[in-house]
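For reference, the structure discussed in these notes is given below.
The values are calculated or read from the model by the stated rules, or taken from the named source; none is laboratory data. The structure presented is a predicted model; accordingly, all values stated were derived computationally and were not measured. Positions of Cβ are generated from backbone atoms using ideal geometry, with glycine treated the same way; all protein chains shown enter the neighbour counts.
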């Protein structure tokens with residue numbers, strides 16, 4: 001007869017109760033393979049050193065550039081959607097054009113509000129550049145809307161659109177056919 005095989009270590013760990021610890025926070029057993037660091041070298045959740053003003057200004061400027069370039073990420077999506085909606089006058093295409101005009105106009109009106117949390121006395125000139133790029137991207141989106149409205153035939157760009165204000169041409173001479 002063969003002796004029964006010994007139980008694997010993981011099964012023994014599962015069946016044995018966890019060792020008692022002194023603190024309530026550490027009452028949960030560590031997972032297998034985890035090695036705990038000595039208590040003196042453990043990191044805490046908060047920042048270790050306060051940030052310097054230069055680092056804060058750099059972070060603010062980076063965030064301001066992210067806000068400034070955010071409308072540029074909408075340009076390809078809006079262009080594809082305008083192309084796919086067609087040039088006929090339907091409720092879907094009209095609503096798409098309305099939304100294409102509404103977003104950039106609101107963005108242009110709220111330009112200063114979008115950058116107030118990043119602007120300080122030290123970086124005012126750099127934030128002005130961010131605002132310029134932001135306004136440029138909003139104007140590109142507006143240009144896309146104007147292109148779509150023109151493609152739909154809603155802009156009066158041809159001579160026939162202005163016929164009501166044209167006068168009839170008066171000929172300088174007339175030609176008559178002679179019948180023999």
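If you check 81, 95, 77, 99 for being loosely packed, with under 10 Cβ neighbours inside 10 Å, at pLDDT 90 or above and within 29 Å of the chain's Cα centre (by Cα), only one passes: 77.
Does residue 70 qualify as being assigned to a helix (DSSP H, G or I), modelled with pLDDT of 85 or more, surrounded by 13 or more Cβ atoms within 10 Å (Cβ to Cβ) and in contact with a helix residue (DSSP H, G or I) (Cβ under 6 Å, 6 or more places away or on another chain)? When the stated conditions are applied, residue 70 does not pass them.
Would a scan of the range 155-178 turn up a residue that is touching a residue at least 12 places away in the same chain (Cβ under 8 Å), surrounded by 10 or more Cβ atoms within 10 Å (Cβ to Cβ) and not in a helix (DSSP H, G or I)? The answer is no, given that none of the residues of the range 155-178 is touching a residue at least 12 places away in the same chain (Cβ under 8 Å), surrounded by 10 or more Cβ atoms within 10 Å (Cβ to Cβ) and not in a helix (DSSP H, G or I). Kindly indicate whether residue 150 is out of contact with any helix residue (DSSP H, G or I) (no Cβ under 9 Å at 6 or more places or on another chain) and assigned to a helix (DSSP H, G or I). Against the criterion (out of contact with any helix residue (DSSP H, G or I) (no Cβ under 9 Å at 6 or more places or on another chain) and assigned to a helix (DSSP H, G or I)), residue 150 qualifies.
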